[in-house]
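Please read the structure below before turning to the comments.
Every number here is computed from the coordinates shown, using simple stated rules; none is lab data. All values reported here derive from a predicted model rather than from experimental measurement. Because the Cβ atoms are built from the backbone with ideal geometry, glycine has one as well, and the counts that use them run over all protein chains shown.
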Amino acid sequence: MVFTADADGRCEVFTWDAGTRRARRVTDRPGGTLHGAIDADAHVWWFAEDARGVGHWRFQPFTGGTDLPGLTGVPDGTARGLAVTGGATAAVGIGLDDSTTVRVGPRGGPGREVTRVDGTVSLTGLTPAGDLLVLSRAADSPRAVTLLTTTGAEVAVLPGDGPHGRLWALGFTPAGVHTTLLLVREHEDRYLLATWTAATGALTHAWCALDTQFTARWYPDGRSALIRQDRHGRSLLHRADFARRTLEPVPAPPGTLLDAAPHPGGDLHTLWTDSSHPPRMTSTAGTPLPPLGTVEGRVPGTLRDLRTPGPDGPVHTLLSLPESGRAPYPAVFLVHGGPADHDRDAYDGTVHSLVASGFAVVRVNYRGSTGYGPRWQRAHRDGVGHTQVADLAAVHADLTARLLIRPDATGLWGSSWGGYLVLLALGTRPGLWRAGVAVKPVADYAAAHAVATPALRALDERLFGGTPEQVPDAYAHSSPIRYADRVRDPLLVVAATHDAKCPAAQVRSYLAALDAAGARHESLWLDTGHDGYDGADHVNVLRRAVLFLDQRLRGTTRTTPPRRPAPSGAGSAHHTVKH
C-alpha cells in the first residue's frame, strides 16, 4: 500500500511492505506531497505541485528507482483525477484555467488528449480494460456523469438536475467482472445506491437508501459494495449485496473511519480515529499495517454531544471539555470549513492544544454541513453565511444558559470557509464574541470570485444563484468586508501569499478596511498556497493563534508557546491510504 504521513514536518508519500513490515519514504519535496496512489502493477504515483496547486503526476516502482512523468506531453495544471489499469494504461484529468483536459496513454509514455471540456470536470474512473472513462461535473448538473470511450466518443450522459436528484460517480467493478459503474443518487431526503451498465443504463436501488451522505467501493468479487456512511459526526459501515438486494451492517468501532477498503479473503482495512485517539490502521485479518504517529500519554478532555433547537431542526455540537477547572469554561468555537463538510468524532491536534490549555472547544455542525441529510445541507434561509452564523450564536446562547461556557471569554477560530464565518460573525454580531482567528478566509466574496479557481467560482454561483454581476446584492450581503467597520473584538487574520482559493488581494482589502475603521487586529502572512503541507507552518499558526486567544480571552501573558500535540503528523489530515 501507499500512505501519506509526516516526514520532517512535512506531509510525504510512503510505501508499506506488509511482508517485511517496512515503510519506505517515496517523496521529499520542499512543500510536501499530499496526493498519492498505487496502481495494479505496484507503481507508486504522486502529484508534484507548487504552492498554487499546479503540477503533474509522477511515478516510480514500489521498491524504488527513477522518478518518471506519469504521461509525457501533458501540460502542468491542477489535479482532477488519476486512473491506471492493470495493463499499464494511465488516464489523468488536468485543470487548465477555465477548462479540463483528459489525457490517456501508456504509463510513462505520451499522453493523448481524449477530450477537453469547459469548466471543472473530474476524472472519476477508468475500466480495467482501459476502454471506458467516467467524468464527473457538479452533482446537480444536467451532465453530472459522462461516460465516454478512450477515443472520445460519448457513451452515456447521466443527469443530476431537477427531478432526477444529484448524482455522484464512484468507480467501476474490478477486473474480471461485468463492467458496472457504482453511483450515489440523492432523492428527496435520502441517498440511494445506483449503478450503470451499457445494457441497463442507470438503475437506482431503492432497497439501499440511507438518510445521510455516504461513499462506497466494490468488494473484490464485484457483486457487493462496502458503504461508508457519515452520520451525525460518526461513521457507519454497511455491505450492499446486489444479488440478494440486502443492506447489512458491518461491525465498526464508534468514532470516525477516514477510509475503509475490502480485500480478498474477507480482510477489511480501515483508518480509524476518535476524539481521544489519533488515526490508526486496522485489519480484520491481522495483516501487518504501518504504525502511525501518536501522542505521548492520554489525550486530555472529555467529549459531549449536545443538540440546540433550531428552525430547521436541532443543531448538533461536539463539545470537548478540559479536565481541570470548573464550568463555565473559557471557550473557543472551532468552526469547520466547506461548507460541504462537517466536524467529526475524530482526533484533532488543534482541539488537543486548546483543551490542554484549559479551553472548552465547541464544534458546531451548522446548517449546510454534510452528515445530516440533504435538507440540512440545503438550509440557507437567512442567506449564505448568515444562516451558519445564526447557528453559532444559538449554540453560544444555549451553552451559556447551561453554564458550560463563559460568555465573557468566548472566541472563534476557523480556516478557509470557517475563517469566512469567523469574519462574518465578528462583523454582524459585534460584542457576542471576545476574539477571533480567521485562517486563509474569504473576506470579500465578489473580489474572491473574480480571481478564484474555476471550481470555487462554480461553487459560489450554486450557493448564491448566480455570479456577482447577476446577483450583486446577495454577494454584498454575505461578504465580511461589508461589515468590517462594525468589528469590535480583537482579530487575528492568517493569510497565504499564493492562495488560489481565498486570494491574498481580497484579504489585504479587508485588512485595509479594518485599519480605516480603527479595529484591533493582527495579521500573519505565510509564503504558501491555500493547502500548505509544511508542518512548520501549521505549528507556527497553532502557536500564534493559541497565544492570541489566551491573551484576549483570559488576559494571560504566557510566553511559552503550546507544544506540538501530535508528533509524526498524528491527527492531521495527512493520513490517507491507497491500496
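Across segment 219-230, in residue order, what do the Karplus-derived ³J(HN,Hα) couplings come to in whole Hz, using 6.51 cos²θ - 1.76 cosθ + 1.60 with θ = phi - 60° and x for Gly and Pro?
Residue by residue, segment 219-230 yields 6, x, 7, x, 10, 8, 10, 8, 9, 10, 9, 9 Hz.
Given 55, 83, 545, which one lies farthest toward the positive end of the charge dipole of the chain, if we put +1 on the Cβ of every Lys and Arg and -1 on the Cβ of every Asp and Glu?
Final value for the positive-end residue is 545.
Which percentage, to the nearest 5, of the DSSP beta bridges contained in segment 302-569 is antiparallel?
Antiparallel bridges: around 30 percent, rounded to the nearest 5.
Stretch residue 302-residue 285 to full length: gain in nm at 0.36 nm per residue minus the Cα-Cα span?
Details: separation 17, 0.36 × 17 = 6.12 nm, distance 3.18 nm.
Additional length available on full extension: 2.9 nm.
Please rank 302, 33, 200, fewest neighbouring Cβ atoms within 10 Å first, as an exposure proxy. List each step's numbers first, then the result.
Values: 302 12, 33 23, 200 9.
With the sparsest Cβ surroundings first, the list reads 200, 302, 33.
Going through segment 215-275, which trypsin sites (Lys or Arg not before Pro) have at most 16 other Cβ atoms within 10 Å and a DSSP loop state? Don't skip to the end; give the middle numbers.
On the way: sites: 217, 223, 228, 231, 234, 239, 244, 245; in loops: 223, 244, 245.
Those satisfying the criteria are 223, 244, 245.
Check which residues have an amide H placed less than 5 Å from residue 406's amide H, if you skip close sequence neighbours.
Correct list: 329, 331.
Taking log10 I(q)/I(0) by the Debye sum over Cα atoms at q = 0.08, 0.09, 0.12 Å⁻¹ as the quantity of interest, determine which of (i) -0.55, -0.70, -1.33; (ii) -0.88, -0.88, -1.17; (iii) -0.53, -0.67, -1.21 was computed from the displayed structure.
(i)
Could you please rank 329, 219, placing first whichever residue has the fewest other Cβ atoms within 10 Å of its Cβ?
On the way: 329 23, 219 20.
Lowest to highest Cβ neighbour count: 219, 329.
Which distance in nm do the two modelled labels at residue 498 and residue 527 give, with both placed 7 Å along the Cα-to-Cβ direction?
Distance between the two pseudo-spin positions: 1.0 nm.
Let me spell out the model: positive unit charges on the Cβ of Lys and Arg, negative unit charges on the Cβ of Asp and Glu, origin at the Cα centre of segment 235-308. What dipole size does that give, in debye rounded to 20?
Numbers: 7 positive and 7 negative charges, 42 e Å.
Charge dipole of segment 235-308: 200 debye, to the nearest 20.
How big is the antiparallel share of DSSP beta bridges in the chain, given as a percent to the nearest 5?
Restricted to the chain, the bridges split so that about 80 percent are antiparallel.
Assigning unit charges at the beta carbon (Lys, Arg +1; Asp, Glu -1) and nothing else, what dipole magnitude in debye, to the nearest 20, does segment 302-569 show about its Cα centre?
On the way: 29 positive and 26 negative charges, 145 e Å.
Result for segment 302-569 is approximately 700 debye, rounded to the nearest 20.
Classify segment 307-404 as rounded, prolate or oblate from the Cα gyration tensor: take a ≥ b ≥ c as the square roots of its eigenvalues, call it rounded if a/c is under 1.5, otherwise prolate when a/b beats b/c and oblate if not.
Prolate is the answer for segment 307-404, as a/c is 1.5 or above and a/b outweighs b/c.
Any idea what the relative contact order of the chain is, in percent, if you count C-alpha pairs under 8 Å spaced at least 6 apart? Before the final figure, lay out each step's value.
Numbers: 1433 pairs, mean separation 66.8, N = 579.
Worked out over the chain, it gives 12 percent.
Between exposed GluC sites (Glu not before Pro) in the chain, where DSSP calls loop and at most 14 other Cβ atoms lie within 10 Å, what's the longest gap?
Of all site-free stretches, the longest is 1-187.
Just want the answer: with Cβ charges of +1 for Lys and Arg and -1 for Asp and Glu, which residue in 455, 516, 555 is farthest toward the dipole's positive end in segment 302-569?
555
Using a ≥ b ≥ c from the Cα gyration tensor of segment 454-554 (square roots of the eigenvalues), is it rounded, prolate or oblate, where a/c under 1.5 gives rounded and otherwise the larger of a/b and b/c decides, a/b for prolate? Before the final figure, lay out the partial values.
Details: a/c = 2.38, a/b = 1.32, b/c = 1.81.
Taking the square roots of the gyration eigenvalues as a ≥ b ≥ c, segment 454-554 is oblate.
Which of the trypsin sites (Lys or Arg not before Pro) across segment 265-372 are loop residues per DSSP, with 14 or fewer other Cβ within 10 Å?
Passing sites in segment 265-372 are 298, 326.
Just to confirm the number: angle between the C-alpha axis of helix 454-464 and the first principal axis of the chain, 0 to 90 degrees, nearest 10?
Here the helix axis deviates by roughly 60 degrees.
How many nm separate the modelled label positions at residue 267 and residue 461, each set 7 Å beyond the Cα in the direction of the Cβ?
Output for this residue pair reads 4.7 nm.
Report the one residue of 335, 366, 401 whose Cα lies farthest in the direction of the positive end of the charge dipole of segment 302-569 (charges on C-beta: Lys and Arg +1, Asp and Glu -1; origin at the Cα centre).
After comparing all options, I get 401.
Tell me, what HN-Hα J-couplings in whole Hz come from the Karplus equation 6.51 cos²θ - 1.76 cosθ + 1.60 at θ = phi - 60° for each residue of segment 344-355, using x for Gly and Pro?
Coupling constants for segment 344-355: 10, 6, 8, 5, 9, x, 5, 4, 4, 4, 5, 5 Hz.
Only four residue types carry charge here, +1 at the Cβ of Lys and Arg and -1 at the Cβ of Asp and Glu. Report the dipole size of the chain about the Cα centre in Debye, rounded to the nearest 20.
For this selection, approximately 1100 debye.
Residue by residue, what Karplus-based ³J(HN,Hα) values in Hz, rounded to whole numbers, does segment 124-129 have, using 6.51, -1.76 and 1.60 with θ = phi - 60° and x for Gly and Pro?
My calculation for segment 124-129 gives 9, x, 9, 4, x, 7 Hz in order.
What is the helix-to-structure angle for 417-428, meaning the angle in degrees between its Cα long axis and the longest Cα principal axis of the chain, kept from 0 to 90 and rounded to the nearest 10?
The helix 417-428 is inclined about 30 degrees to the chain.
Residues of segment 59-103 with backbone nitrogen within less than 11 Å of a virtual label 7 Å along the Cα-to-Cβ line of residue 24, please, listed as ranges.
60-66
Specify the inter-centroid distance of segment 243-295 and segment 340-394, based on alpha-carbon positions, in whole Å.
25
For segment 156-264, what class follows from the C-alpha gyration tensor (a ≥ b ≥ c being the square roots of its eigenvalues): rounded when a/c is under 1.5, otherwise prolate if a/b is larger than b/c, else oblate?
Here segment 156-264 falls in the oblate category.
Helix-derived [θ] at 222 nm for the chain: sum -39500 (n - 2.57) over DSSP H runs of at least 4, divide by residue count, nearest 500?
Details: 9 runs with 99 residues, N = 579.
After summing the helix terms and dividing by the residues of the chain, the value is -5000 deg cm²/dmol.
Quick one: angle between helix 535-554 and the longest Cα principal axis of the chain, in degrees between 0 and 90, rounded to 10, please.
30
For a quick check: sort 273, 195 by the number of other beta carbons within 10 angstrom, fewest at the front.
If I rank by nearby Cβ atoms, fewest first, I get 195, 273.
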